[in-house]
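Here is the structure we will look at.
The values are calculated or read from the model by the stated rules, or taken from the named source; none is laboratory data. None of the values given here were measured: they were computed from a predicted structure. FYI the Cβ positions are ideal-geometry reconstructions off the backbone, even for glycines, and counts take in every protein chain you see. Just so you know, the surface numbers come from the protein's heavy atoms only, side chains and all, with ligands and any DNA or RNA stripped out. Shrake-Rupley method; radii C 1.70, N 1.55, O 1.52, S 1.80 Å.
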Amino acid sequence: MAKYRLEFSKEGDAKFVSHLDLVRLFTRVFKRARLPLAYSEGFNPHPKMSIGIPLSVGVTSEAELLDAEFYEEVPALEIKERMNETMPIGIAITKVQMLEQGMPKLSSVSRASYRVSLSGDGVAKEALAEFLKRETIEIEKKTKRSEKLVDIKPDIFGILWEDETTLVMTLATGSAANLKPEVVLSAMKLYIPGCSGEAAAVHRLSMTDDNGCALIAG
Amino acid sequence: MNIDRLLARVQKPTRYIGTEFNSVHKNPEEMAIRFAFCFPDVYEVGMSHLGMKILYHLLNREEDIYCERVFAPWVDMEEEMRKEGVPLFSLETTSPVADFDFVGFTLQYEMSFSNIINMLDLAGISLYSSERKEDEPFVCCGGPCAYNPEPLADFVDFFMLGEGEEVMLEVMDAYRKWKASGAPRRAFLESLLLVPGVYVPCFYDVTYNDDGTIASFLANHPSAPKTITKRIIHDLDKVIYPDNFIVPFMEIVHDRMMLEVFRGCIRGCRFCQAGMVYRPVREKSAKTLLDCAQKLIDSTGYEELSISSLSTSDYTELKELTDGLLDLTEEKKISLSLPSLRLDNFSMELMQKVQKVRKSGLTFAPEAGTQRLRDVINKGVTEEDLLRAASIAFGGGYGGVKLYFMMGLPTETNEDLAGIAKLAEKVVECYFAVPKEQRNKNLKVTVSTSSFVPKPHTPFQWVRQNDVDELLEKQNFLKGQITSKRVSYNWHEAKLSVLEGVFARGDRKLSKVLACAQKLGARFDGWHEFFDWDLWMDAFRKAGVDPYFYNLRERSYDEILPWDHINAGPSKEFLMRENEKAKRAEVTPNCREKCAGCGVNVSLGGGHCG
Ligand code: SF4
C-alpha cells in the first residue's frame, strides 16, 4: 500500500464540474492511466480516494487536493504524467507527493486564498479598509428553520486590495469553519455603498493549515 | 459566444460545456464542412445513445469535417437563452447552430418531434424547408422514426434511411462537389436524388381524397426515385465503431460502455418496428467485439460494460463473448450487464455470468398474458419458458423480477388481461417453491404495462389503436385482477401512447399541428412533467386536423399509406401475410428456423440472411 497526495488545477469550463462529478471523474482517470488505485473490501467496493474541501461550482482553482491509496508504489512523476495524458480539458495534475507517516491530513486544511475579480466599478481601497475595520461583519444566514445574524469577521483572515476590481481574500475553509468568497461579497454589497458585490470570476489560489503551511510540497 | 453567465444560473451546467474526455476539438475555421449533430432531447438522454456516438466518430475521422454535438437545452437553460437572446449552440465550440452547413437530427421517438421544431426556432433557422434561404444550413434527419418521415417532411430538407455509416459519407461527398460548383441550394438537393437511401421530400407531391386518405403520392422531379430503399451495412466486422466513447462529467442515463453485438433480429414479433426495419440480422464476431471492449475499457475508464442488441441471447457466439468479456472485466471491477435476455433460452450459466459482478433485478418481457395473444403477436415464448426462467432466477438468489407486458394489442380481451395477473401469481409461486435457505429474502415481482402503438412497416400497420378511455379501462381492470401483495403494478401514460400513435402513422398534414404546438409551448413531451394533452388537442383544433383519423380507424390494404414510398426491407405482401396470420393466432418461425420470405434478402441485395 502507498498513499499519495495530488494537487490539481481546475480551469476554464471545468469550473462547472461539481464535487460529486469530480470523484467519478478521477476514478475513471486512475483506470485510464492504469494506476493501481485501491478499493475497499466488501460487496460494493469503492475507490480509496478523497478530494479535499469542495470547491463551489463556477470557481476555478490551481490548488485542489486529492489523496489516493494505491496497492503498489508508483514514482510520483510517473503518476503525474500518466494522469495528465488522460485528463479532460481544463483539469491537470500539478504536484504529486507520496504521503509519509505523520504528514498532515487533508482535514487539517483551515484556510484558503481566492483571487476575486469584481464586476462593475469594483471597490475603492479606502472603502475596503473601512469595511475590514468594522468590529463585526454581520450577515443574515438562512437555516432550515429561521434566519439568524452571523458575524463572519472572525473567518476573514485578510483581504488584499490589488486594484479596484481585484481582491485576494484569505478565508476560513474546512470542516471547522467555512466561509465562501460569495458570502464575503454579499457582505461587501451590504456595507460598502456602491459596491455591486458581484464577481466576474473567483479563483482559488491556495489551501493551507492553521500555520499557513501548504499541505503538499514542491 | 461566451455563455458563462447563463451557465452560472442553470442546473447541471456540464450539460452545455462540451469539454468531456474524448470529445473532439478542431479549429472550425479550417473545416470545409461543419455538421451539427442534434439530439432532440436533453444531454443525459442524448449522450446515452449509441447511434450518436457512432456517427460523431465517423464524421470526425474525416479531416475536413467537424461534427459537433447539440442537445435540447433543458427548460431552465432555454428560458435563460431566450431572455438573453442566445441562439441554440453547439457544445464543442459554442457556435450558433445556424452557422453550420448541416443540422442533423436523429429521430428516436415520436415524442421528440416538438423538440425538433423548438430547436429550429431557438436556432433561428427558417422552420419550413421551402422558406430556407441560400445561406441557411441543410436540415436533415435519420433514425428509426425516419421510416415514416411524413409528419416532418415540410421541415426537413432530406432524410437518410437506414444505417448511416456509408450514406452519410456519400452525402458529404455530394456536398463537397456541390460547394465547389457554386450552384444554388436546390442543386445540392437534386444531387442527393442520386444517392441511394436519401429521401428529399420537396421532390414529391401528395394529393388527398375527400376522406383525408392519400389519393396520390408522386415525384415531381425526373430523377426522384419512386421508392427509397433503406441502407444497411453488409459486413459489421468491417464497419467503424467508436473505441473512445466520450466520458461525460455528469451522470447520464446509460453511463457506460456499450458493445453493439448485432443488428436486426431473427424473431419477427409482429408489433415490433425495430425487429422489422433493422432486418436482416447481421452479427459482429466475438473477436471483433472483444478487441473493441478492450479498447473501450482502456480509453474510457468506465466501470460498467453493457451489450446492446434487440435480443442478446440470440447471439450465436454468446458463450465466447461473455467468457471473454468476464476475463477483461472481472479483475478491473467492471460490471457487465446483458439486457434483452429472452425467456426461451435463458440459462443458469448466463445468469451466473451477469451475477458474478453484480446482482441486480432481472427483467423479462412476455408481452402478453395468454398463449393465444402471444401467438397473435408472434412472441414465441411460452408460460413454461417464463416459469422456468423465473425459477432459475429465484434459485440463483434473485429476488426482484420485472415483467413487461403490452396492453391494447390487436384481438385483446379481458381474458388476456387477466392472464397477466395470473402469470405474475405463478411467478410468485415459483419463488416459494425454492427452498428458504436458497432464495433471496425479499421477493418483488413488478408488472409493468405499456400501451401498444401500431407502427409503420410492421404487420400491424393497418390496425386500429385503442383510445384513451379503452386503455384506462384496461389498466383499471388489470389493477383489479392483481390481488397478490407480492406483485406491484405500474403502467405507462395512455395519453402519451395515443399521441405517439398519431405521429407514428401520420402524414404531411401533421406539420401544421407540430408548428402550432411548438408555438403553444410544447416541448419535452416524452417527460411526464411537461407533457400537456390539452395543449396538443388545442393544436389539433387550431390546425384543423383530427388526431383520431390517424389511429382510430382500421386501414384497408389498398389504402396508400403515407410511408409507402419508403422501403424498409420487408415487403408489403409479407406484412399483409403476417397480419392475416395474426388474426388466426398462427405463429411464424424465426429466421434461423425457417425463412419467412419477408423479402429483405431480395430488396437489399446480398441474397443471404444471418
Ligand atoms: S429474408 Fe427470410 S431469413 Fe431473411 S430476414 Fe426475411 S424472413 Fe428472415
Lys and Arg at +1, Asp and Glu at -1: add these up for the other residues within a Cβ distance under 15 Å of A:Gly120 and post the number. -2
quick note, region B:148-285, DSSP beta bridge pairs, % antiparallel (nearest 5) is 90
When N is the residue count of region B:500-569, what does its C-alpha Rg come to as a fraction of 2.2 N^0.38 Å? 1.23
Just to check, using Stokes-Einstein with a Kirkwood Rh over alpha carbon pairs, what's the diffusion coefficient of the protein assembly as shown at 10 °C and 1.306 mPa s in µm²/s? 53
Mean separation of Cα contacts under 8 Å (6+ apart) over length of region A:2-103, as relative contact order %: 49
Heads up, I need the accessible area for B:Lys512: 1.4 angstrom probe, whole protein in place, Å², nearest 10. 120
Probe 1.4 Å, accessible area per residue of region A:108-208, Å²: 55
Using alpha carbons only, how many degrees (0 to 90, rounded to 10) separate the axis of helix B:164-181 from the longest principal axis of chain B? 0
Tell me, Kirkwood radius of region A:2-103 from alpha-carbon pair distances, in Å? 13.9
Quick check for me: using +1 on Lys/Arg Cβ and -1 on Asp/Glu Cβ, what's the dipole size of region A:108-208 about its Cα centre, in debye to the nearest 20? 540
Equivalent ellipsoid semi-axes - Cα gyration tensor, chain B, angstrom: 38, 30, 25
Between A:Lys153 and A:Lys125, what FRET efficiency follows from the Cβ-Cβ distance if R0 is 22 Å, with the result rounded to 0.05? 0.70
On a 0 to 90 degree scale, rounded to 10, what angle separates helix B:468-481 from the longest Cα axis of chain B? 20
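So, with +1 on the Cβ of K and R and -1 on the Cβ of D and E, and no other charges, what is the size of the charge dipole of region B:495-540 about its Cα centre, to the nearest 20 debye? Intermediate results must be reported in sequence, preceding the final value.
Details: 7 positive and 7 negative charges, 61 e Å.
The calculated dipole for region B:495-540 is roughly 300 debye.
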GluC sites (Glu not before Pro) restricted to DSSP loop in region B:228-327 with at most 14 other C-beta within 10 Å: B:Glu251
Write down the radius of gyration of region B:202-293 and its Dmax, each obtained from C-alpha positions, in Å. 20.3, 59
Binned Cα-Cα distance frequencies in region B:471-588 - 5 Å width, integer %: 2, 9, 14, 15, 15, 15, 14, 11, 5, 1, 0
Taking all protein chains as present, what is the carbon and sulfur share of the accessible area of chain B, in % to the nearest whole number, probe 1.4 Å? 51
Calculate the FRET efficiency for B:Tyr128 and B:Lys583 from the Cβ-Cβ distance with a Förster distance of 35 Å, rounded to the nearest 0.05. 0.25
For B:Lys581, the net charge from surrounding residues (Cβ-Cβ under 10 Å; K, R +1; D, E -1) works out to 0
In region B:510-610, the GluC sites (Glu not before Pro) that fall in loop regions by DSSP, at most 11 other Cβ within 10 Å: B:Glu529, B:Glu554, B:Glu593
Pairs B:Lys402/B:Lys572; B:Lys179/B:Lys512; B:Lys133/B:Lys509; B:Lys53/B:Lys509: which are spaced more than 29 Å apart, C-alpha to C-alpha? B:Lys402/B:Lys572; B:Lys179/B:Lys512; B:Lys53/B:Lys509
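Order B:Thr93, B:Thr312, A:Thr143, B:Thr483 by their accessible area, 1.4 angstrom probe, all chains in place, largest first.
Numbers: B:Thr93 40, B:Thr312 0, A:Thr143 65, B:Thr483 105 Å².
So, going from the largest accessible area down, we get B:Thr483, A:Thr143, B:Thr93, B:Thr312.
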What angle do you read, to the nearest 10 degrees and between 0 and 90, between the alpha-carbon axis of helix B:50-60 and the longest principal axis of chain B? 30
Summarise the long-distance tail of P(r) for region A:108-208 by giving the % of C-alpha pairs beyond 22 Å. 26
When the solvent-accessible surface of protein heavy atoms is calculated with a 1.4 angstrom probe, in what order do A:Ile139, B:Ile560 fall, highest first? B:Ile560, A:Ile139
Exposure rank, largest accessible area first [B:His457, B:His492, A:His46; 1.4 Å]: A:His46, B:His492, B:His457
Two-decimal log10 I(q)/I(0) for region B:257-492, as the Debye equation yields it once each C-alpha is a single scatterer, q = 0.16, 0.17 Å⁻¹: -1.18, -1.27
Could you give the nm distance between label points at B:Arg388 and A:Glu85, where each point is 7 Å from its Cα heading toward the beta carbon? 5.0
CD proxy at 222 nm, helix term only [per DSSP H run n ≥ 4: -39500 (n - 2.57); per residue of chain B; nearest 500]: -10500 deg cm²/dmol
The computed P(r) of region B:60-184 puts the percent of Cα pairs beyond 23 Å at 33
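Could you compute the net charge surrounding B:Asn567? Neighbours are other residues with a C-beta less than 13 Å from the C-beta of B:Asn567; K and R count +1, D and E count -1.
+3
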Size of the dipole of region A:2-103 about the Cα centre, Lys and Arg at +1 and Asp and Glu at -1 on the beta carbon, nothing else charged, in debye to 20? 240
Cross-link partners among aspartates and glutamates for B:Lys12, C-alpha distance below 12 Å, same-chain residues fewer than 8 apart left out? A:Asp21, B:Glu44, B:Asp76, B:Glu251
Hey, what's the Cα Rg ratio for region B:375-415 versus the globular rule of thumb, 2.2 N^0.38 Å? 1.46
Heavy-atom accessible area per residue of chain B, all protein chains kept, 1.4 Å probe, expressed in Å², is 38
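Of A:Lys148/A:Lys189; B:Lys230/B:Lys495; B:Lys226/B:Lys583; B:Lys379/B:Lys594, which pairs sit farther than 20 Å apart, going by alpha carbon to alpha carbon?
B:Lys230/B:Lys495; B:Lys226/B:Lys583
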Taking the alpha-carbon centre of each part, the distance from region B:475-506 to region A:153-170 in Å is 61
What's the center-to-center distance, using Cα atoms, between region B:167-186 and region B:529-552 in Å? 38
Please compute the volume of the convex hull spanned by the alpha-carbon atoms of chain A and report it per residue in Å³. 144
